[in-house]
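Participant: What follows is a single structure, and I will ask about it in a moment.
The values are calculated or read from the model by the stated rules, or taken from the named source; none is laboratory data. Just so it is clear, the model here is predicted, and its values are computed rather than measured. Neighbour counts run over all protein chains shown; Cβ positions are idealised from the backbone, glycine included. Only protein heavy atoms, including side chains, enter the accessible area calculation; ligands, DNA and RNA are left aside. Shrake-Rupley method; radii C 1.70, N 1.55, O 1.52, S 1.80 Å.
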Amino acid sequence: GTMALLQYRWLTGAAILFVYLLIRDRTLLRANRATLLKAFLLGAVGHGLGSTCFFKSLAYIPASSSTLILYFYPAVVTLLSVIFFRMKAGRIVLLSLALVSGGCGLVFYDAFLKALDIRGILFAAATMLIFSCSMIAMQIFLRRERFLTLNFYMVLFTGLVFVPFSNPLLIADLNARQILLCLSLGLIPTAFAYVFLFRAIETVGSGYTAIFSTFEPVTTVVMAWLVLHEDIVPYQIAGMLLIIAGII
């Protein structure tokens, strides 16, 4: 089930990060109330509410349409970075945003071929806005926090959000293949990905991180071709080239 899968992903990621911090430096597990509040806002509110809105959108519009709307977040994050962090959005940044936005439009070309329900559009737009605000909040919070500590508790709070929707003890009923998939989801797109995300935001800021992270549709399409044997159409190849050009 969707909620069970989300729960296993985030809680497994939290367990992996806990073991890593325990081995690396136990003091990284210490957090005061302010740190826990920030982690709660990013995890339970940002990711929990954002994930819920995204899945709600899928009930009304195709996944390609929801994802395309979501990938307008680099432009929103850049705009917010200009407002909050005085980021200089010169011609190069604007050209980059135009290229990656156009590239995403081509990668998810089939989003334009299907009827759209306004409810789905609103849920997808809410997801995009929540994710954009979360990235800005991360940059603000990281000014006075150790990124590994904030990262761990954010992942933990996100996992706890999904506990009421699915009994976590049911993980004992999973077979070996399902457990391996849960571990993979916890390790790669959760523990690894969010450590790098927090480090990137801390280093170059949320605006540039948002632009760089649009490489995700490129890797998704390529991996879908390699692993799931899905077809790649010329529109998607052109879109991937635009995204890469925008990032460069």
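Participant: Those residues that are under 24 Å from Thr52 (Cα atoms), loosely packed, with under 14 Cβ neighbours inside 10 Å and of a type outside the set (D, E, K, R), I need them from region 92-132; list them, please.
Facilitator: Across region 92-132, the qualifying residues are Phe112, Ala115, Ile118.
Participant: Pairs only if they're at least six apart or on different chains, beta carbon under 7 angstrom, first in region 153-177 and over 30 Å from Leu142 (Cα atoms), second open to solvent by less than 50 Å² (accessible area, probe 1.4 Å) and among the polar types (S, T, N, Q); list them, first residue then second.
Facilitator: Ser166/Gln7; Pro168/Gln7
Participant: Follow-up question, since we're still on this one. Helices (runs of 4 or more DSSP H) wholly in region 182-248 with at least 3 residues that are more than 28 Å from Arg86 (Cβ to Cβ) and more than 15 Å from the chain's Cα centre (by Cα) - which ones? Steps first, answer last, please.
Facilitator: Details: elements: 193-204, 206-212, 215-227, 234-247.
Output list reads 215-227, 234-247.
Participant: Taking region 66-91 on its own, how many of its residues are part of a loop (DSSP other than H, G, I, E, B) and either of a type outside the set (Ser, Thr, Tyr) or open to solvent by 30 Å² or more (accessible area, probe 1.4 Å) (or both)?
Facilitator: So the count comes out to 6.
Participant: Just give me the residues in region 116-135 being assigned to a loop (DSSP other than H, G, I, E, B) and hydrophobic (A, V, I, L, M, F, W, C), in sequence order. Steps first, answer last, please.
Facilitator: Residues of region 116-135 assigned to a loop (DSSP other than H, G, I, E, B): 116-117.
Once the filter is applied, which keeps residues that are assigned to a loop (DSSP other than H, G, I, E, B) and hydrophobic (A, V, I, L, M, F, W, C), region 116-135 yields only Leu116.
Participant: Working only within region 36-72, note down all residues that are among the aromatic types (Phe, Trp, Tyr) and either modelled with pLDDT under 90 or at positive phi (or both).
Facilitator: Residues satisfying the conditions are Phe54, Phe55, Tyr60, Tyr71, Phe72.
Participant: I'm told Ile201 meets every condition in (1) in contact with a Ser or Thr (Cβ under 9 Å, 6 or more places away or on another chain); (2) more than 24 Å from Asn32 (Cα to Cα); (3) buried (at least 18 other Cβ atoms within 10 Å of the Cβ) except one. Can you identify the failing condition by its number?
Facilitator: The failed condition is (2).
Participant: Considering only region 153-164, state which residues are open to solvent by less than 10 Å² (accessible area, probe 1.4 Å) and part of a helix (DSSP H, G or I).
Facilitator: Across region 153-164, the qualifying residues are Met154, Val155, Thr158, Gly159.
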